[in-house]
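First up is the structure itself, then whatever we jot down about it.
The values are calculated or read from the model by the stated rules, or taken from the named source; none is laboratory data. As the structure is a computational prediction, the values presented were derived from the model and not from experiment. Quick reminder, even Gly has a Cβ in these numbers, built from the backbone with ideal geometry, and neighbours come from all protein chains shown. Each accessible area value is taken on the protein alone, full model and side chains, heavy atoms only, with ligands, DNA and RNA left out. Shrake-Rupley method; radii C 1.70, N 1.55, O 1.52, S 1.80 Å.
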Amino acid sequence: MPVTSDIVATYRGPGRVVSRLLDLGEREDRALVFVMAFCVVAFIAQLPRLSRQAHLEDLELNMLLGGALLGTVIILPLFFYLLAFVSHGAARLFGGKGTAYGARLALFWALLSSTPLILLNGLVAGFIGPGTTMTTVGLVWFVVFLWFWFSGLRQAQRYAE
């Protein structure tokens, strides 16, 4: 299935999509592509906000873009790998039988499948700015991300090593 169809299917049943991805076999390149794709989209989502900030505060846009690129595309994937490792350890403490790859896949897929809401949040941040609308959209993204992640992680922990 194409990634876009899987993203839409995740909004209907995140556990089923993660289960199908796990059935394809352990492929670390797939997990890496998922997290890197999320990070690139997250960087793109920041562009309207950074442009607004540069205009309103009379800052150099290129400096803001460089910092955001470094943080989002270089450092953030390392953080997500660490978070997946911690979540795998926590799942094992609670009786999970899944692999570390399954924990990574669940987290990275949850991030990637929540990108439409990340893009919406970026548009709101750029065109409306800080306020209740931006906070609400960010909260909706976070709740949906947690739903996707925990549903996928629960499914991944059913797969024995």
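For region 94-153, the normalised intensity computed at q = 0.13, 0.18 Å⁻¹ comes to -0.41, -0.64 (log10 of I(q)/I(0), Debye sum over alpha carbons, equal scatterers, no solvent). For L69, the accessible surface of its heavy atoms amounts to roughly 80 Å² (probe 1.4 Å, protein chains only, rounded to the nearest 10). Return the carbon/sulfur percentage of the accessible area of region 25-146, one whole number, probe 1.4 Å, all protein chains in place. Roughly 74 percent of what the probe reaches on region 25-146 is carbon or sulfur. Helix 115-127 and the long axis of the chain differ in direction by around 10°, with both axes built from C-alpha atoms. Over all pairs of different C-alpha atoms, region 61-111 has a mean inverse distance whose reciprocal, the Kirkwood radius, equals 12.2 Å. Calculated accessible area for the chain comes out at 55 Å² per residue, all protein chains present (probe 1.4 Å; ligands, DNA, RNA ignored). Of the GluC sites (Glu not before Pro) found in region 1-70, those that fall in a DSSP loop while having at most 10 other beta-carbon atoms within 10 Å are E60. Over region 1-85, the reciprocal of the mean inverse Cα-Cα separation, the Kirkwood hydrodynamic radius, stands at 15.0 Å.
With 5 Å bins beginning at zero, the pair-distance distribution over Cα atoms of region 1-50 amounts to 5, 17, 20, 26, 16, 9, 5, 2, 0 %.
For the pair E57 and A37, the difference between a 0.36 nm per residue extended length and the Cα-Cα distance amounts to 4.2 nm. A simple count of charges around R104, restricted to other residues whose Cβ falls under 13 Å of its Cβ and scoring Lys, Arg +1 and Asp, Glu -1, yields -1. When you restrict to C-alpha pairs under 8 Å that are six or more residues apart and normalise by the size of the chain, the relative contact order lands at 36 percent.
Along each principal axis, taking the top coordinate minus the bottom one, the Cα set of region 5-161 gives 55, 29, 28 Å in descending order.
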